[in-house]
Amino acid sequence: MAFEGLSERIQNALSGLRKKGKVTQTDINQATREIRLALLEADVNFKVVKEFIAKIKERALGSEVLDSLTPGQQIIKIVNEELTQMMGESAVALNKSDKIPTVIMMVGLQGTGKTTTAGKLANRLMAEQKARPLLIAADIYRPAAVDQLKVIGNQLEVPVYEEGVNNSAEDIVRHGMQQAKENKNDYVIIDTAGRLEIDESLMDELKNVKEIAQPDNIVLVADAMTGQAAATVADGFNQALDITGVILTKLDGDTRGGAALSIRSITNKPILYVGEGEKLSDLDIFHPDRMSNRILGMGDMMSLIEKAQQDYDEKNAQELAEKMRENTFDFNDFIAQMDQIQSMGPIDELMKMIPGMANNPALQNINIGEKDIAHLKAIVYSMTPEERENPDILTPSRRRRIAAGSGRNIQEIHRMIKQFKQSKEMMQKVSKGNTSDLEGMLGG
Ligand code: GDP
C-alpha cells in the first residue's frame, strides 16, 4: 500500500497516547517529534512539516484536549483533521463549462503518466456522465505519444484528433478544437508535450495552447513516486500556467507520501484524482479525509463500500442474502464469492479499508494471497456437484479423494471445510441481526 511506512510510524507515535487518561506536555512533545520524523522520512516538504507540527502542538495544548476525558483520542482526532487539511479538505471535482465543450488541458513532465491519464479521464467521464469526449494529441516531441493516444482512443472507442508530429502543437489544438465544435463533443482532453524538466520553451508552448484552447481545467499530472519533487514541479507549472488541479499517478507503487502531503500546501491547488494502476479504469477520486483515515489505520469503509457497489452485481448480492437467510449457501456460492472478491483487488488491501483491521494484531498474520485462493478453488473444483451443494456428505474417504484430485494435503481439506462451516454459521448470525461475534472480531 502507498504510505505504508508513514502510516505505521504515525500510528506507533500515537499508540501510546490512545488510552491515556492524562496527557502531559512531555507526551505531546514526544509524539509530535516522532510524527515529524515520520513525515520527513516520507519525503514531505520541510516547511509543510513544520507548519503541520506547529498546528498540532498548538491545538494539543489547548482546552479541547486538556479538558477532555479522553485526551489521547482528542489528539488523534486533531492529527486526523490536520492531515486531512494538509491534503485539501474534501474531494474537488473538475470544472465544468456552461457551454460545450468543457476543455481539460493535461500538462506535466515526461513519463509521469500524462497520456495514460488523459485516457483514464475520458473513460471516467464516459462512465459517469455518458460523455462524448475528443482526445487531442498535441505531444509532438515524444515520438510514441501520438500513437499511444491513438491506441488508447481505440480501446475506449473515443475519437482522437491528431496530425502526426510535423505540425505545431498550437495548430493541432486549434484544428482539434474546431473539430470538437463541429462534432459537438462535450469534453475535449488535450494531451500536451512534457520534458524531462521544466524549461522555458515548453512553458511558452503550453501558454500558447492555453490561449488557444481557453481550458476550463489545466490539470498537472505528477508522479507520486518522486515524492516532494512532485510538489516542486507542481509549483513551477502553477506559476507559469495557473493550473486548476493535480492528478497524482502511481499511488499503487511504493510511494512514501511526500507528494500527496506536500502538493496542496505548496501550490494551494487541489489533488483531484489519483492513479492507482496502469489500467484505464485505475483512476480514483481523491478524498483527503479518507486518505487521512487510511494513514492513521482507521480504515476507509466509504471507499470499500463504493468499490463493492461498483464491482458487485446487485442481483448476485440479493441472491446471496437470500441464501444466507435460508442457510443454503454452498461451495458453488463460495467460489462465486471468491471470484467477486478477487475482481475487487488484492484482498489484504481491501481488509485494510475496514476500520480496526489495518493494525489489528489478530489479523497481522493472515495473508490471503492470490495463490491461496487458487488452492481453495482447486479444492472446490475437485468436489463432485453433489458435494459442492451439500458439504455435509464429505466423509473421510471423499475428503481423501478431493485431496488427491486437487493436489493439496488432507489437513488443508479439513481446515477449509471447517472454515467454510464456520463462515456459514457467521453469515447466518449476521443475517439474523446477531453481530456480536463480528464486533468482537473488529475489536468493537
Ligand atoms: P507521459 O510521458 O506522461 O505521457 O506518460 P505515459 O502516459 O506514457 O506513462 C508512463 C508510464 O507510467 C506508462 O508505463 C504507464 O503505464 C505508467 N503509469 C501511468 N499511470 C500509472 C499509475 O497510476 N500507476 C502505475 N503503476 N503506472 C502508471
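Nothing in this text is a laboratory measurement; each read-out follows from the coordinates by a stated rule. Every value quoted in this text rests on a predicted model; they were computed, and no experiment measured them. As a convention, Cβ positions derive from the backbone with ideal geometry for all residues, glycine included, and neighbour counts pool all protein chains shown.
Structure notes:
- The range 261-296-the range 204-223 distance, computed between alpha-carbon centres (Å): 21
- In nm, spacing of pseudo-spin labels at Ala321 and Leu69 (7 Å Cα→C-beta vector): 3.7
- Candidate lysines - alpha carbon under 16 Å from Lys323, same-chain residues fewer than 8 apart omitted: Lys315, Lys421, Lys424, Lys429, Lys432
- Relative contact order (%) - criterion: Cα under 8 Å, at least six apart; region: the range 4-86: 36
- Positive-end extreme of charge dipole, the range 102-296 - chosen from Leu272, Ile104, Val158 (charges on Cβ): Leu272
- Positive contributions from Lys and Arg (+1) and negative ones from Asp and Glu (-1), summed over other residues with Cβ under 11 Å from the Cβ of Gln419, come out at +2.
- Within straight-line cross-link reach of Lys210, lysines at Cα separation under 20 Å, skipping those fewer than 8 residues along the same chain: Lys96, Lys99, Lys114, Lys181, Lys269
- For the range 102-296: relative contact order, % (alpha-carbon pairs under 8 angstrom, 6 or more apart): 25
- Distance between modelled label sites at Lys47 and Ile341, nm, 7 Å Cα→Cβ extension: 4.8
- Equivalent ellipsoid dimensions for the range 102-296 as semi-axes, Å, which come from the Cα gyration tensor, largest first: 26, 19, 15
- The residues neighbouring Ala137, those whose beta-carbon lies less than 11 Å from its own, together hold a net charge of -3 under the Lys/Arg +1, Asp/Glu -1 convention.
- In terms of packing, defined here as the mean over residues of other Cβ atoms within 10 angstrom, the peptides 34-40, 410-416 line up highest first as 34-40, 410-416.
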